[in-house]
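Undergrad: Before we start, here is the structure in question, set down as structure tokens.
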Amino acid sequence: MNDTLLQVKGLKTWLGEGENPVRAVDGVDFEIRRGETFALLGESGCGKSMTALSLMRLLPPSGRIIRGEAFLGETSLFDLAERDMRRERGGRMGMIFQEPMTSLNAVRTIADQIGESVRLHDPENRSDIRSRVIELLKAVGIPDPVRRLDEYPHQLSGGMKQRVMIAMALAGRPELLIADEPTTALDVTIQAQVLALLKDLQHQTGMAVLLITHDLGVVSNVADRVAVMYAGQLIEQATTERFISSPAHPYSQKLFQSLPNSGKRGGRLAVIKGSVPKLTQDFTQCRFVDRCDQSMDICSRSEPVWREHGAGGGVRCHLEDYPGIRIDQPARPDSSETEATRALEEPLIETRDLKIHFPIHKGVFKRVVGHVKAVDGVDISIAPGRTLALVGESGCGKTTVGKGILQLVHPTGGTVKFDGEELSRLKGSALRQLRSQMQIIFQDPVASMNPRMLVGDIIAEGMQAQRIGGTAAGRRGRVLELLAHVGLPADAADLYPNEFSGGQRQRICIARALAVEPRFIVCDEPTSALDVSVQAQILNLLMDLQQEHGISYLFITHNISVVSYLAHEVAVMYLGRIVERGTVEEVLGSPAHPYTQALLSAVPVIDGDSEHEVIRLEGDMPSPANPPTGCHFHPRCPQAFDECRKAYPDSAGLSDTRKVSCFNYRS
Amino acid sequence: MISQLVILWTDGLVFLLLLVVILFGIYASRKAHLRGPWRQVARSRVGMGTLVVLSFYLVVALLDSFHYHPILDKAGQEEGATATQSVEVISLFDGLVEGLRERQEKTYSAPLATRLYAKENIELPDGRVVRDFPRLAYGGAHLADPETEWLPDILKLSAVGIIKGLVVSLAVANLLIILLAMRSRRSFGAQGRAVLRGATEIPWKVAFLTLAFMLVLVFWSAELAAKYHLLGTDKVGEDVYYQALKSIRTGLLIGTLTTLVMLPAAILLGIMAGYFRGWVDDVIQYSYTTLNSIPGVLLIAAAILMLQIYMSNHEFDSLVERADLRLLILVIILGVTSWTGLCRLLRGETLKLREMDYVQAATAFGVSNLKIITRHILPNVLHIVLIAVILDFSGLVLAEAVLSYVNIGVDPTMNSWGNMINSARLEMAREPIVWWSLAAAMIFMFSLVLAANLFSDVVRDAFDPRLRGSR
């Protein structure tokens, strides 16, 4: 029997009609063997998802397959009649999507939805659908499957929903599972669970997985082979080990270099300048030439062709023809740089026992029946010119802490001091004046700018409100200055935000925050909506600004590698409370709290060998409206003992800078 | 000719509304986010077609909104009065179609008929009395022998009307093509060919075809209406075609002025409730839920009945002014009952918007609440307002018909489709049946509401951000 399961040849998919269709997939060839995990890696907008949707023939109405063939086993997928195709979809080919929240029908039970797949694609089990559904739920590791059967999607957490989605895909006993960013919407601890599950299932059933992702860490952990997609084409294909140890294409090399980690602390991250070219054009040159720093004359004259380099690998680059002049990866900056411990300096921002509770109203008279304790007693302090990273899973109250400090949400209790001044008691104009000192940068650069305003007006808004910059002309000059400062052209001021890419928009947001010359900025996951290459640009910019202006950052994130790159101190948050804090070396180097340990171990590491042990946390974070008694973490803690169930542990100082709230450590 | 202009309340408001729309148009043309969707509307074939139809209605309504006291010439001399001005108030439109207004028959006559619909005793020149259908005073009066000459005459008039219509529409089309060619700096021929092939960005071909159709219809009906009663006459012998045309102003006014009344309340209260929340939200929410639970018809009936008492105690200069006051009150009371829906929508949208990062960022800069509302919230809910107004329009036109039918609508002396239908109610019970009043009102109302509905669909699709990605 042939070893090849899926073979794609010369696939071209265009979107839109008219003279300039988007050539989303522009000639893609690859093979997937039985039982292997094949990762399709690339930035957003490079045609990864379109490739998958073409294979499933589930393209949006404006999309059409122009050319190419795809064979699943012996079947030519593009020649099948729609009704035969329907049998393949969900049958031999299953698919799971990025967003588990919207992929399930909210008004039908779990059993109903999985049962439908079973009925359609698994004729042998048609007589006893229910037991097959239970079997499937067990296979995807859902505890107590019998009880879950008659539940509705809203009763499940995000990770559970993704498991249900996987169960649905498994119902047809697929030979190929297409997973389109299956863990992007999930937290690291849940991501670790789902990735482990996919691997287990693959071992048991021998199916092949086409994994679409932008995350190098995920690729290195689960993939057997990798194909890198750029601007609608595959530019490199290799086994995972080879790809990680010696990426061939300049783009792949840059991707690795632009990843932040502790080794690159103090240095600048490599950036890929510019952004992905528009796919509406006919390319006569290398698609990467404008962003490549190894480009040669030939690169802008002709498009490179695909060159095999053995073992199913290959690369699309002119450099392959001139092996002599290949520039090796620049040496990573050494991390010998030492930092003076400045944590004991007079803090700029200090919170004591900060509490933010949101009341839950119920009934006709809107009686308060309880509180969501989003933030429940948080102490942090940040010295001038330092960065504190606040780490934790989504829903743990990180963002609320940031907003509480800035008084965007009014604290329920506790104190917030800015430069010695108590903020929570300030009202009206007194608070309004202080606002220029503290700013915030949001996660989603699209949502953080009014789409109806010009960029110039957006940046000037703060100055206007704070009466900085004097006349309109003076403000205008300052706007242009700021734009130059964050690396944008001056004519950007007269455009609308939607004319910029995600990275550029985040720069505008940074310029807006800088306009009022703040001393403290809350960065609320400023890079999590951006691609890796763009993330590096933004992180570099933030680092430069800190060095130039001595700004303090509260850096809210769930991305540990970013933390290790730029933070001085780390606070780990779980369910509204800080469970561990200390300098970055202390916390990331030797995590003390069991939750920190689990969180760090769940982060996929790119080191070639995927042998590092993951501490798998069971279940999800409990609701902050109804936290568990005792230590909040004990239901998921692998080290929990009796005392943990009874009382919340006091924080114990392990060193001058380090505090942990766990019964394992006592002061 | 025109002496002493009379500005009725509703006339003033119509022109105020027109001014507001023109100002909004100028504002919108400067803002990319508003210009874009309108351009999409202009590019849609349905959008252009319905726009042409609607503009015909609009022209009639605007012409009908210039009121004045006409100068009495002949009539004045006969009475021997010194005043040359009539106490009567007529509109520019009445002046244009004077014939239609003045040629009253005795009672019912069928469309294009030459004789009355009911038999009467006719005294013949020789003194005998026969019972027959008498000839009409105006309809087909020029015919010597209606039985033989009627059909050829109708055909001849139709042909003349259609040819006139075609000639005029051809002239208009050529004029427009010349203008287009000048704007795009192309030769006349090239521009004309582009229009015919449908290769222009805006579907001018559809617009021209609709325009030609409407013009032909106008000229054809003008030819026939000059000699006959195109849609028959009603019980007191008034021309039904004239009534239906006069009703356009009433319908359009109710559809548009009501929004003028309701918008300030809906926008102000909706945004305030969503933005400030807390007790402000509670007060506004309770007031509109309370208002919503009173049946609208009851509220309108109460208001109109009270108004009737007021009107019977006061004197008015003319019947028109009296009817106008009632129309104004009806518009206001309809506005009061209909702001709640839009208010609720805006409250929900504002609740969402106030949590947006850019509003939070503005708060973090210390921008004042008023500025946040005008700069960040209002521009981002404007599309909802626009969609709601255009969708409400056809509902309000129909509401007028229903209210007049139950006698709490516009004044009975005012021409409106509702009143036409109301009077047709009795005629339907006659034997033989008198169907043309009802049919005329239906045709005019139907084509207006259909055009408005199709147009609002196009506008909604263009402005709805959820649909924007799908095309």
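The values are calculated or read from the model by the stated rules, or taken from the named source; none is laboratory data. Predicted, not measured: the structure shown is a model, and the values here were computed from it. Reconstructed Cβ throughout: ideal geometry from the backbone, glycine too, with neighbour counts over all protein chains shown. When the accessible area is computed, the model is the full protein with side chains, heavy atoms only, and any ligands, DNA or RNA have been set aside. Shrake-Rupley method; radii C 1.70, N 1.55, O 1.52, S 1.80 Å.
Undergrad: Once the dipole of the range B:222-365 is set up with Lys and Arg at +1 and Asp and Glu at -1 on Cβ about the Cα centre, which of B:Tyr228, B:Leu353, B:Val336 lies farthest towards its positive end?
TA: Farthest towards the positive pole: B:Leu353.
Undergrad: Turning to a different aspect of this structure: The range B:406-451 to the range B:243-317: how many Å between their Cα centroids?
TA: What the calculation gives is 25 Å, centre to centre.
Undergrad: Kindly state, to the nearest 0.05, the FRET efficiency for A:Arg307 paired with A:Arg87, given R0 = 30 Å and r defined as their beta-carbon distance.
TA: Working: r = 38 Å, r/R0 = 1.28.
So the FRET efficiency works out to roughly 0.20.
Undergrad: Specify which residue in the list B:Thr374, B:Leu403, B:Met445 is farthest towards the positive end of the charge dipole of the range B:248-447, using unit charges on the beta carbon of Lys, Arg (+1) and Asp, Glu (-1), about the Cα centre.
TA: About the Cα centre, the residue reaching furthest to the positive side is B:Thr374.
Undergrad: With +1 assigned to the C-beta of every Lys and Arg and -1 to the C-beta of every Asp and Glu, and no other charges, what is the dipole magnitude of the range A:446-579 about the Cα centre in debye, to the nearest 20? Please report the intermediate quantities before stating the final value.
TA: On the way: 10 positive and 13 negative charges, 67 e Å.
I would put it at about 320 debye.
Undergrad: How much length is gained on full extension from B:Glu355 to B:Arg425, taking 0.36 nm per residue of separation minus their Cα-Cα distance? Present the calculation step by step, with values, prior to reporting the outcome.
TA: Details: separation 70, 0.36 × 70 = 25.20 nm, distance 5.44 nm.
Result for the pair: 19.8 nm of gain on full extension.
Undergrad: Counting partner chain Cβ atoms within 10 Å of every residue's Cβ in B:397-404, what's the average? Show your work: numbers first, answer last.
TA: Numbers: counts 0, 0, 0, 0, 0, 0, 0, 0.
Mean shielding by partner chains, rounded to a whole number: 0.
Undergrad: Suppose every Lys and Arg Cβ carries +1 and every Asp and Glu Cβ carries -1, with no other charges. What dipole size does chain B come out with about its Cα centre, to the nearest 20 debye? Intermediate results must be reported in sequence, preceding the final value.
TA: Working: 42 positive and 40 negative charges, 564 e Å.
Computed charge dipole of chain B: roughly 2700 debye.
Undergrad: Return the carbon/sulfur percentage of the accessible area of the range B:248-447, one whole number, probe 1.4 Å, all protein chains in place. Can you show the working numbers first?
TA: Values: 5930 of 8550 Å².
Of the solvent-accessible surface of the range B:248-447, carbon and sulfur hold 69 percent.
Undergrad: Under a plain spin-label model, where a point goes 7 Å from the Cα along Cα-to-Cβ, how far apart in nm are A:Leu454 and B:Asp464?
TA: Here the answer is 3.3 nm between the modelled labels.
Undergrad: Which of the lysines could be linked to A:Lys138 by a straight reach, that is with a Cα gap under 16 Å, when you skip same-chain ones fewer than 8 residues away?
TA: A:Lys161, A:Lys199
Undergrad: Still on this structure, please answer the following. Would you mind calculating the gained length between B:Ser293 and B:Arg131 on full extension (0.36 nm times residue separation, minus the Cα-Cα distance), in nm to one decimal? Provide the component values of the computation, followed by the final result.
TA: Details: separation 162, 0.36 × 162 = 58.32 nm, distance 5.84 nm.
That pair, B:Ser293 and B:Arg131, stretches by 52.5 nm at full extension.
Undergrad: Under the rule of at least 5 residues apart or a separate chain, name every residue whose amide H is placed under 5 Å from the amide H of A:Asn559.
TA: For A:Asn559, whose amide H was placed from the backbone, there are no distant partners under 5 Å.
Undergrad: In terms of modelled amide H atoms, which long-range or inter-chain residues lie less than 5 Å from the amide H of A:Leu177?
TA: A:Gly94, A:Ala208, A:Val209, A:Leu210
Undergrad: For chain A, build the charge dipole from Cβ charges (+1 Lys, Arg; -1 Asp, Glu) around the Cα centre, then report which of A:Val572, A:Ala465, A:Ile142 sits farthest towards its positive end.
TA: A:Ala465
Undergrad: Calculate the mean, over all residues of peptide A:453-466, of how many other protein chain Cβ atoms lie within 10 angstrom of the residue's Cβ.
TA: Values: counts 5, 1, 0, 0, 1, 3, 0, 0, 9, 6, 1, 3, 9, 3.
Counting Cβ atoms of other protein chains within 10 Å of each residue's Cβ and averaging gives 3.
Undergrad: While we're on this one: As a test of the definition: with a 1.4 Å probe, what buried accessible area, both sides summed, do you compute for A against B, in Å² to the nearest 100? Kindly include the intermediate steps, with their values, before the conclusion.
TA: Numbers: alone 29030 and 24960 Å², together 51860 Å².
Counting both chains, the buried surface is close to 2100 Å².
Undergrad: Per residue, how much accessible area does the range A:349-660 show when a 1.4 Å probe rolls over the protein heavy atoms, in square angstrom?
TA: On the way: 12210 Å² over 312 residues.
Computed with neighbouring chains in place, this is 39 Å² per residue.
Undergrad: Also, quick follow-up: With a ≥ b ≥ c taken as the square roots of the eigenvalues of the C-alpha gyration tensor of the range B:235-303, please select rounded if a/c is under 1.5 and otherwise prolate if a/b is larger than b/c or oblate if it is not? If you can, show how the numbers build up before the last one.
TA: Details: a/c = 6.82, a/b = 2.47, b/c = 2.76.
Oblate.
Undergrad: Based on the alpha-carbon set only, what is the convex hull volume of chain B divided per residue, in Å³?
TA: Values: hull volume 97.4 nm³, N = 471.
Measuring per residue, one finds 207 Å³ for the Cα hull of chain B.
Undergrad: While we're looking at this one, here's another question. Obtain the nm distance between the two label points defined at A:Gln547 and A:Ser262 by a simple spin-label model: each point lies 7 Å from its Cα along the Cα-to-C-beta direction.
TA: Placing both labels 7 Å beyond Cα along the Cβ direction yields 2.2 nm.
Undergrad: Treat each spin label as a single point 7 Å out from the Cα along the C-beta direction, and report the B:His314 to B:Leu23 distance in nm.
TA: Simple spin-label model gives 2.7 nm for this pair.
Undergrad: Given the C-alpha centroids of the range A:191-234 and the range A:651-667, what is the distance between them in whole angstrom?
TA: 39
Undergrad: Follow-up. Counting Lys and Arg as +1 and Asp and Glu as -1, each charge on the Cβ, what is the dipole of the protein assembly as shown about the Cα centre in debye, to the nearest 20? Display every interim value, and only then the final one.
TA: Values: 116 positive and 122 negative charges, 75 e Å.
With Lys and Arg at +1 and Asp and Glu at -1, about 360 debye.
Undergrad: Do the sum for chain B: with -39,500 (n - 2.57) for every DSSP H run of n ≥ 4, divided by all residues, what is the mean residue ellipticity at 222 nm, to the nearest 500 deg cm²/dmol? Mind dumping the intermediate values first?
TA: Details: 19 runs with 332 residues, N = 471.
It comes out at -23500 deg cm²/dmol, rounded to the nearest 500.
Undergrad: From other protein chains only, count the Cβ atoms within 10 Å of every residue's Cβ in A:440-447, then give the mean. Mind showing how you got there, number by number?
TA: On the way: counts 6, 2, 6, 1, 2, 1, 2, 7.
Mean partner shielding for this stretch: 3.
Undergrad: Related question: Which whole DSSP H helices in chain B pass both tests: a Cα extent of 24 Å or more along the axis and a mean Kyte-Doolittle value no lower than -1.0?
TA: Numbers: long enough: B:9-30 (32 Å, 1.79); B:45-63 (28 Å, 2.02); B:146-184 (56 Å, 1.24); B:204-227 (35 Å, 1.51); B:240-276 (53 Å, 1.30); B:296-313 (26 Å, 1.81); B:319-353 (50 Å, 0.99); B:378-405 (40 Å, 1.81); B:436-463 (40 Å, 1.42).
In chain B, the long hydrophobic H runs are B:9-30, B:45-63, B:146-184, B:204-227, B:240-276, B:296-313, B:319-353, B:378-405, B:436-463.
Undergrad: Using a cut-off of 17 Å between alpha-carbon atoms, which aspartates and glutamates can reach B:Lys227, once sequence neighbours fewer than 8 places away in the same chain are excluded?
TA: B:Glu98, B:Glu102, B:Glu105, B:Asp145, B:Glu147, B:Glu149, B:Asp153, B:Glu238, B:Asp239
Undergrad: In deg cm²/dmol and to the nearest 500, what is the mean residue ellipticity at 222 nm of chain A if only DSSP H runs of at least 4 residues count, each as -39500 (n - 2.57), divided by the residue total? Don't skip to the answer; put the middle values down first.
TA: Numbers: 22 runs with 204 residues, N = 667.
Mean residue ellipticity at 222 nm (helix-derived): -8500 deg cm²/dmol.
Undergrad: A further question follows. What does the charge count near A:Ala640 come to, summing +1 for each Lys or Arg and -1 for each Asp or Glu among other residues with Cβ under 14 Å from its Cβ?
TA: Numbers: positive: A:Arg636, A:Arg645, A:Lys646; negative: A:Glu618, A:Asp642, A:Glu643.
Spelling it out: positives minus negatives among the neighbours equals 0.
Undergrad: Moving to a separate point now. Rounded, prolate or oblate, given the Cα gyration tensor of chain A, with a/c below 1.5 counting as rounded? Write out the running numbers ahead of the final one.
TA: Numbers: a/c = 1.70, a/b = 1.22, b/c = 1.40.
Here chain A falls in the oblate category.
Undergrad: What FRET efficiency, computed as 1/(1 + (r/R0)^6) with R0 = 60 Å and r the Cβ-Cβ distance, is obtained for A:Arg130 and A:Gln285, rounded to the nearest 0.05? Display every interim value, and only then the final one.
TA: Details: r = 59 Å, r/R0 = 0.98.
The computed FRET efficiency comes out at 0.55.
Undergrad: Going by average Cβ neighbours within 10 Å, how do the peptides B:148-154, A:405-411 rank, with the highest at the top? Numbers along the way, then the final one.
TA: Details: B:148-154: 13.7, A:405-411: 20.0.
Result, highest mean first: A:405-411, B:148-154.
Undergrad: Amide H of A:Val409 versus every other amide H placed in the peptide plane: which residues, excluding those fewer than 5 positions away on the same chain, fall under 5 Å?
TA: The list, which skips near neighbours in sequence, is A:Gly404.
Undergrad: Among A:211-221, B:283-293, what's the highest-first ranking by average C-beta atoms within 10 angstrom per residue? Let's see the in-between values first.
TA: Numbers: A:211-221: 21.2, B:283-293: 13.6.
Highest-to-lowest ranking by the protection proxy: A:211-221, B:283-293.
Undergrad: Can you classify the range B:248-447 as rounded, prolate or oblate using the Cα gyration tensor, where a ≥ b ≥ c are the square roots of its eigenvalues, rounded means a/c under 1.5, and otherwise it's prolate if a/b beats b/c and oblate if not?
TA: On the way: a/c = 2.92, a/b = 2.26, b/c = 1.29.
Prolate, because a/c is 1.5 or more and a/b exceeds b/c.
Undergrad: Something else: Could you list the residues of the range A:215-241 with an amide nitrogen less than 11 Å from a label point located 7 Å from the Cα of A:Met296 in the Cα-to-C-beta direction?
TA: Backbone N within reach: none found.
Undergrad: I need the calculated FRET efficiency for the pair B:Val236 and B:Phe446, taking r as the beta carbon distance and R₀ as 41 Å, to the nearest 0.05. Walk me through the intermediate numbers first.
TA: Numbers: r = 25 Å, r/R0 = 0.62.
Calculated value: 0.95.
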